[in-house]
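The values are calculated or read from the model by the stated rules, or taken from the named source; none is laboratory data. Note that this is a predicted model, so its numbers are computed, not measured. Neighbour counts run over all protein chains shown; Cβ positions are idealised from the backbone, glycine included.
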Amino acid sequence: MKMNRRSFIGAAAGLGGITLAATTLSPTPILALKPKNAMLIDVSKCIGCLRCIQACAEYHKKYYKQETDGTVFTKVPMATMEYGQRPTPQNCLHCIDAPCATVCQSKALEQLESGAVVYHEDRCIGCFLCTTVCPFESITTDLENKKIFKCDLCSKITENGGAPSCVTICPTQSKTWGPYEEKVKEAQEIAERNKGKMLYANDATVIYVLTDYEYEQLMKAPEVTVIKPEYPAEYKWYSLLTKWSRVLWIPFLAGAVLSGLTWRKGKGEKKVE
C-alpha cells in the first residue's frame, strides 16, 4: 500500500512527536564515575556554632524562615540523645546516580560530572516527584510557588576548584572537602580510630563519620534524616521505575498512530473503488 503525501506528513508529525516525547522523558544518564571531590562530615567535631548556616545564607541570599536550625539548603538540628543534645550538620548528600535527578521529568535537577546535583528553577514544573525519591528528605518544598530548594554544594565555587562555603568557614573542620578517594580513606581512619562508623562511601558525594554512640542515638532522632544503617538503594530503583513508567506508553502511541493512518488510507481506497 502506497502512502500519499497527506498520510506521509501525518505519520512524520506523529512519529516526530513520539520521538520528541521519548527524548524529553528518557531517564537521565547514570553517573558512570565517582565524583571528583567529596565532603566529609565528622559529626563529633561539630560544636553547633551555626557559622555554616550563616555562610550558606550569605551565599544563597535566602534564609530558611520556617525553622531556626538552618536555611532551605542546609541545617544543623540539635538532636536529642540519651546524654544530652548533639548538633548534627545535614544537607543534601548528592547521591551518586541521584534518584531525584533520575526521576525529574523536566530536567530541573541536573547531576554534574563533579557529582553535585543542581536545581534549575526555570525548568521546574512543580510536580515534586523528586521529594518522593529522596532517601534523606533533603529537599525543601515551596508549595505556594511550586518550587524546591536543595543544597547545590555551592556549585559556582566548587566547579571552579573551590570548597563549599559551609566547609570553608567551619572552625573545627567538622566539614572538610577534598579528593574523593582521600576523603574515603580519611573517614575510614577516623572510624577505626574512634571505633565508629563511616556512612555512604561510594554511594554519595557527602560522607559521614561518627562514633557508635552517635550512630545509635542519631538513628533514633526524628530531627536527623541523614543517618541510616546503610544507603537506601531501593530509592534508585523506584526512581528508575517511575521514570520509565512514563515512557512505556510510547510504543503503544506509535502503534495507534500508524494503525490510524493505515485504517484511514484503506477507507479512502474503498471509497475510490
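Overview of values
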{"quantity": "Subset tally (residues that are in contact with a helix residue (DSSP H, G or I) (Cβ under 6 Å, 6 or more places away or on another chain) and either in a strand (DSSP E or B) or modelled with pLDDT under 90 (or both)) for the range 61-81", "calculated": "6"}
{"quantity": "Lone unmet requirement of (1) modelled with pLDDT of 90 or more; (2) assigned to a loop (DSSP other than H, G, I, E, B) for ASP122", "calculated": "(2)"}
{"quantity": "Test: PRO179 is under 22 Å from PRO87 (Cα atoms) and touching a residue at least 40 places away in the same chain (Cβ under 8 Å)", "calculated": "no"}
{"quantity": "Subset of the range 79-92 that is buried (at least 24 other Cβ atoms within 10 Å of the Cβ) and either closer than 17 Å to TYR213 by Cα or not hydrophobic (A, V, I, L, M, F, W, C) (or both) - its residue that is farthest from the chain's Cα centre (by Cα)", "calculated": "THR88"}
{"quantity": "Filtered residue count, the range 114-162, keeping only those that are of a type in the set (Asp, Glu) and closer than 21 Å to PRO35 by Cβ", "calculated": "2"}
{"quantity": "Search result, residues across the range 92-139 that are β-branched (Val, Ile, Thr) and in contact with a Phe, Trp or Tyr (Cβ under 7 Å, 6 or more places away or on another chain)", "calculated": "VAL133"}
{"quantity": "Test: residue in the range 100-115 that is closer than 27 Å to GLY48 by Cβ, part of a loop (DSSP other than H, G, I, E, B) and under 20 Å from the mean Cα position of the chain (by Cα)", "calculated": "no"}
{"quantity": "Search result, residues across the range 133-146 that are surrounded by fewer than 22 Cβ atoms within 10 Å (Cβ to Cβ) and touching a Ser or Thr at 6+ places or on another chain (Cβ under 8 Å)", "calculated": "PHE136, GLU137, ILE139, THR141"}
{"quantity": "Neighbours by Cβ (under 6 Å, 6+ apart or cross-chain): first from the range 47-63, over 14 Å from CYS170 (Cβ atoms); second surrounded by fewer than 18 Cβ atoms within 10 Å (Cβ to Cβ) and at pLDDT below 90", "calculated": "ALA57/TYR63"}
{"quantity": "Hits in the range 155-176 - residues which are touching a helix residue (DSSP H, G or I) at 6+ places or on another chain (Cβ under 6 Å) and either free of Cβ contacts under 8 Å to residues at least 12 places away in the same chain or hydroxyl-bearing (Ser, Thr, Tyr) (or both)", "calculated": "SER165, THR172, SER174"}
{"quantity": "Positions within the range 147-158 being surrounded by fewer than 17 Cβ atoms within 10 Å (Cβ to Cβ) and among the hydrophobic types (A, V, I, L, M, F, W, C), in sequence order", "calculated": "ILE157"}
{"quantity": "Tally of residues being touching a Lys or Arg at 6+ places or on another chain (Cβ under 9 Å) and assigned to a loop (DSSP other than H, G, I, E, B) across the range 125-157", "calculated": "9"}
{"quantity": "Check on ALA108, on the phi < 0 side of the Ramachandran plot, modelled with pLDDT of 95 or more and in contact with a His (Cβ under 7 Å, 6 or more places away or on another chain)", "calculated": "yes"}
{"quantity": "VAL76 crowded, with 21+ Cβ neighbours inside 10 Å and within 21 Å of TYR235 (Cα to Cα)", "calculated": "no"}
{"quantity": "Test result for ARG6, more than 18 Å from ASP152 (Cβ to Cβ), of a type outside the set (S, T, N, Q) and at pLDDT below 50", "calculated": "yes"}
